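The values are calculated or read from the model by the stated rules, or taken from the named source; none is laboratory data. Because the structure is predicted, anything quoted here is derived from the model rather than measured. Glycine gets a Cβ as well: all are built from the backbone with ideal geometry, and neighbour counts include every protein chain shown. Please note that ligands, DNA and RNA were not included when accessible areas were found on the heavy atoms of the full protein model with its side chains. Shrake-Rupley method; radii C 1.70, N 1.55, O 1.52, S 1.80 Å.
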Amino acid sequence: MADVPLRSRNWFGRKDLDGFAHRSWIKAEGFSDLMFDGRPVIGIANSWSELTNCNAHLRTVAEAVKRGVLSAGGFPLEFPTISLGEVLMKPTTMMFRNLMAMDVEECIRAYPLDGVVLLSGCDKTTPAMLMGAASADVPAILLTGGPMLNGVRGQELLGSGTDTWRLWAERRAGRLTEEEFCELESCMSRSAGHCMVMGTASTMASMGEAMGMALPGNAAIPAADSRRLALAEMAGRRIIEMAREGLKPSRILTAEAFDNAIRADMAIGGSTNAIIHLVAIAGRAGVPLPLTRFDELSRSTPFLVNVKPSGKYLMEDFFYAGGLPVVLKELLPLLHGAAPTVNGRALADNVRDARGWNEDVIRPLGMPLAGEGGLAILTGNLCPGGAVIKVSAASPQLLTHRGRAVVFEDHADLHRRIDDPALAVDETSVLVLKQVGPRGAPGMPEWGAAPVPARLLKRGVKDMVRISDARMSGTSYGTVVLHVAPESAVGGPLALVRDGDEIELDVPRRTLTLRVDEAELARRKAAWTPRAPHFTRGYGRLFLDHVLQANEGCDFDFLRGRTPVRLEDTVGPSHT
């Protein structure tokens, strides 16, 4: 393919005042004339932050990318983006995903970049970067930071998040001492990198690879492994070729690519959050992606990966077993193998020779852990816009269940009363949590996996049916119905549920039903009034005014679709 014109020449190739100023300003950083000889300028979008432990090593990764760019004849320029750190960031990183996507898009659009390497890791940083890159549509390659090393205590493997919830339940039940719990803190997280279970970070890294936006093998190489830096160098070399070829996200993020990602998500037992993020990325790419497509593909995709929270191993073990290329090889009969990828090869060509090393970690297609995918989409009068459940991490006996609702009006109400001895609850109850959706919380935090009441834990109850308009961490487990749409804060049916109402969950039939007379629901609806908004100014106000519902990806209504950067948009003076 012939080389395409480079955007950066409109900044650095000019022989006028602007060209003088652009070159002079960059020379102030110590670069020589050689960097302005017409070579591609590559941006390295770095979400490094000491507040985001998942991404705390990305400065080192960026240096490896620069090495690759320079060796291939490019000019690398690193720039920072917002960094979204799970756990520390309140009320939730999900509230700021769209802000980060805007940050990434506008930096790509405004700066003299012919291509960009997207350095991400923590949960929302990966979809945010893919959303921004899809909208700007400049050649881009995703490079995640990789999972942290396995958590280990003695001979026991510990998975971040997944075992945190389990151990906290043991502590609340009185089966774990304070000293033991404190010791586990240091055993859980042993290196930089994102969660080493198949949580949202691991899932979205896998989605990027399955869609063709990352180099083969990117998803699973541990953050501390030298091969992560070698891959970063390769990404730096490859983005030069992509810039010269004009290989843009719009040629990769097709309907077939999203189908491949969905099947991969079902096969790995991926995070429920992937559904929201894939819908948002598809919205930026102009690809229709209804929730029904997820359920359709889930029903015909076997579950293959034995990794927590849906199995027993961790991401380091997944890498040693062959990683995502082995999963995609097993799935090839179900995939669009001709889908293009960032390395210039078809997906099938990338994975056809992948070798699996442990069939207990990555099962063959003919010997799956389950015949269907890990996620299911529910519909019914309680969730007319849909809801999501992670079947692979749920209790089989609860997948068909009827119970009386125990209602919590918001997150504060839940924490105030969940362990109240007077709470009328038993193991057959259905815990219902309201006002925790996109506008209600706000930001749709990971509050969906509500705790089991302590007195039930002490009796040996480990799981209950829980329903909310929130999300849950991809590291969580349990029979938890999430993403109920429309949310309660906008008057969805969830807002009308009262204590004692009967709710029926039927995952095989994909239904969630509130067993209350329609006339009674109409009376409740007429009496319902919305709460006052959480914000009246700033980004919070922008979020509340424009965020879409969960089934639409929670993007902003004005950001759907792409507006590709055009060469002519960069022509014109920056100075008078």
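Candidate cross-link partners of Lys248 among the aspartates and glutamates, defined by an alpha-carbon separation under 13 Å and a same-chain spacing of 8 or more, comprise Asp114, Asp137. For the chain, the list of Cys residues with no other Cys C-beta under 4.7 Å reads Cys107, Cys182, Cys187, Cys195, Cys383, Cys554.
Against the chain, whose longest principal axis is taken from its Cα atoms, helix 97-110 shows a tilt of about 10°.
Put a dot 7 Å past the Cα of Val490, heading toward its Cβ, do the same for Ala532, and the two dots end up 2.3 nm apart. In this rough spin-label picture, where each label sits 7 Å from Cα along the Cβ direction, the Arg416-Glu29 distance is 5.2 nm.
Distance check, please: which entries in Lys390/Lys458; Lys312/Lys390; Lys124/Lys308 exceed 18 angstrom between their Cα atoms? Check vs 18 Å cut-off fails for Lys390/Lys458; Lys124/Lys308.
With a cut-off of 15 Å on the backbone N, the residues of the stretch 175-207 near the modelled label site 7 Å out from Leu88 along Cα-Cβ are 191-195.
Output the relative contact order of the chain, whole-number percent, from Cα pairs under 8 angstrom with separation of 6+ residues.
Working: 1340 pairs, mean separation 84.8, N = 576.
In percent, rounded to a whole number, it is 15.
Among the listed values [x] 1.04; [y] 0.99; [z] 1.30, the one matching Rg/Rh (Cα atoms, Kirkwood Rh) as calculated from this structure is [y].
Solvent-accessible area of the stretch 109-248 (1.4 angstrom probe, protein heavy atoms only): carbon and sulfur portion equals 53 percent. How far is helix 125-136 tilted off the main Cα axis of the chain, in degrees rounded to 10, range 0 to 90? Roughly 50 degrees, rounded to the nearest 10.
Taking every C-alpha pair closer than 8 Å and separated by at least 6 residues, the mean separation divided by the residue count of the stretch 122-261 gives a relative contact order of 36 percent. With the helix formula -39500 (n - 2.57) applied to DSSP H stretches of n ≥ 4, the chain reaches a computed 222 nm mean residue ellipticity of -10000 deg cm²/dmol.
Report the gain in length on full extension from Leu542 to Arg523: 0.36 nm times residue separation, minus Cα-Cα distance, nm rounded to one decimal.
Full extension of this stretch gives 3.6 nm more.
The portion of the accessible surface of the stretch 332-397 made up by carbon and sulfur, rounded to a whole percent, is 52 (1.4 Å probe; DNA, RNA and ligands excluded). Could you work out how far the C-alpha centroid of the stretch 510-540 sits from that of the stretch 464-492, in angstrom? Between the Cα centres of the stretch 510-540 and the stretch 464-492 lies a distance of 15 Å. Normalised by the number of residues in the stretch 1-103, the mean separation of alpha-carbon contacts (under 8 Å, six or more apart) gives a relative contact order of 23 percent.
What angle do you read, to the nearest 10 degrees and between 0 and 90, between the alpha-carbon axis of helix 518-527 and the longest principal axis of the chain? Roughly 70 degrees, rounded to the nearest 10.
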